1. So, in the range 146-193, how many residues would count as being of a type in the set (D, E, K, R), over 17 Å from ARG205 (Cβ atoms) and in a loop (DSSP other than H, G, I, E, B)?
2. Would you confirm, using the coordinates I've provided, whether SER148 is of a type outside the set (Phe, Trp, Tyr), in contact with a strand residue (DSSP E or B) (Cβ under 8 Å, 6 or more places away or on another chain) and crowded, with 23+ Cβ neighbours inside 10 Å?
3. Within the range 107-145, take every residue that is of a type in the set (Phe, Trp, Tyr) and assigned to a helix (DSSP H, G or I) and give me the one that is farthest from ARG185 (Cα to Cα).
4. What do you reckon, is GLN202 of a type outside the set (Val, Ile, Thr), surrounded by fewer than 21 Cβ atoms within 10 Å (Cβ to Cβ) and either closer than 30 Å to ARG326 by Cβ or modelled with pLDDT of 95 or more (or both)?
5. Among the residues of the range 24-34, is any of a type in the set (A, V, I, L, M) and free of Cβ contacts under 8 Å to residues at least 12 places away in the same chain?
6. Just to be sure, is GLU379 at pLDDT below 95, out of contact with any strand residue (DSSP E or B) (no Cβ under 6 Å at 6 or more places or on another chain), under 23 Å from VAL111 (Cα atoms) and not small (Gly, Ala, Ser)?
Amino acid sequence: MRFTHPAHPGKSVRLAYCLNVHPATDIAGVVGGIEQITVPLRERLAPGRDFGVGLYLPAALFAAGAGPERESGPTLAERLGQLCARHRLDPFTFNAFPFGDFHGPRLKERVFEPTWFEDARARWTLAVASLAAQLPSPSAARGHTSISTHTGMHSSSPRAAASPRALGECFGAMADQLSALPGPRTLLALEPEPRANCGDTQALRRLFEQGLCAARPRDLVERHLGVCLDTCHAAVEFEAPAQALDHAQASGAGLVKLQLTNAVRLLDPLRNHAGREALFAMAEPRYLHQVTGRGPAGLVRAGDLAEVQGAFLAGDESWRQCEEWRCHFHVPIDRTDLGVPGLWTTRDLADEAFRLALREPRRWGRDELHAEIETYTWEVLPGSARGAGALVDGLEREYRHALQLLALEGWAEETAGSR
């Protein structure tokens, strides 16, 4: 789905949801998710029209070769290409953050493995980019392809203290390889996450300024590297939407991708017993649920939800005195609360970030913005947070919320007759 605005000629927005919500470790899983969820969703939202998708292709799909030029690649590219063409799916963005087994048990910090100092990370990312260049896209002639990834590693990694220049060389080498690919221009979008080596957009801005732009010519950086702003991550770190967008723009590469996601918000955690207990009950063994609190001494941070629970029960005043906690737990973008007393979401902040980006395309640093709904936690969400119906029903509600925000800012879907 592509959207244009009469006041912003030459600018466009493309909307998708990330298919990492579908459990998949092989091609059958990827295809099954598309046929069982994506296609029915497209029929509800865009019957007979192009429908954007954010593909997630686990590294195991490329096990027999490093990319589509190898023996297994053409089969994978052809099968996905035929599927996209048959259902008018537009695979304009990809998620190359989780390496594999994203829905497996106890992923936690391992979601950052391999790091960007390991060859396996670059090989897989290039394999995804190479395959992307072969897939059909109804909008390819006028747009680019984006691939989101993490900013290097988790902060607990022994290499987390490496110099920005050393990490800049890793991303710079990837930019060199992306520049040699045929087809639409491919951009790698670096995604800050709490407790990563770049926990927020300000830290990523420093990486661009001190590392990437020092390691490679600025025009190469601007052409093939940029920022993926995840609105859940920014909210957890108490980044104001305008501030986060400004850092993305000032990085020297611009905003490539905006992931629309909500975090969980707990107000007055000391006195809000019901909300606090409901939040602690959301601790689960698969994903990282980093928590940031805001109190009299500033921000206090924890690597996971269980850590906060332990500190609170032990009487840690830095957590008990906070006015608010925010937790990295992706929840549906249409929800303002989670259906339980005392727990809210950061929807107002996600909405504000999206609407600011739509209102001021100058913030993108390029002619096209990729917007992606990324609630990958449906399997582990409490029932009250999921809302009524099956996964496709929840995704439809999220889409309709995003579509409403686009309409409020004057962006209309571009159809075949309007081109």
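1. 2
2. For SER148, the condition - of a type outside the set (Phe, Trp, Tyr), in contact with a strand residue (DSSP E or B) (Cβ under 8 Å, 6 or more places away or on another chain) and crowded, with 23+ Cβ neighbours inside 10 Å - is met.
3. Result: PHE112.
4. In short, yes.
5. yes
6. Judged against the criteria, GLU379 is a match.
Each row is one residue, and each column tells you yes or no for (1) in contact with a helix residue (DSSP H, G or I) (Cβ under 7 Å, 6 or more places away or on another chain); (2) outside any loop (DSSP other than H, G, I, E, B); (3) surrounded by fewer than 21 Cβ atoms within 10 Å (Cβ to Cβ).
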position: VAL300; (1), (2), (3): yes, yes, yes
position: ALA311; (1), (2), (3): yes, yes, yes
position: HIS328; (1), (2), (3): yes, yes, no
position: ILE333; (1), (2), (3): yes, no, no
position: GLY342; (1), (2), (3): yes, no, yes
position: ALA350; (1), (2), (3): yes, yes, no
position: GLY365; (1), (2), (3): yes, no, yes
position: GLU379; (1), (2), (3): no, no, yes
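Yes/no matrix, rows are residues, columns are (1) modelled with pLDDT of 95 or more; (2) surrounded by fewer than 22 Cβ atoms within 10 Å (Cβ to Cβ); (3) in a strand (DSSP E or B):
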site	(1), (2), (3)
PHE3	yes, yes, yes
ILE37	yes, yes, no
GLY54	yes, no, yes
GLY65	no, yes, no
THR75	no, yes, no
ARG79	no, yes, no
PRO105	no, yes, no
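The values are calculated or read from the model by the stated rules, or taken from the named source; none is laboratory data. These figures come from a predicted structure and were not determined experimentally. Reconstructed Cβ throughout: ideal geometry from the backbone, glycine too, with neighbour counts over all protein chains shown.
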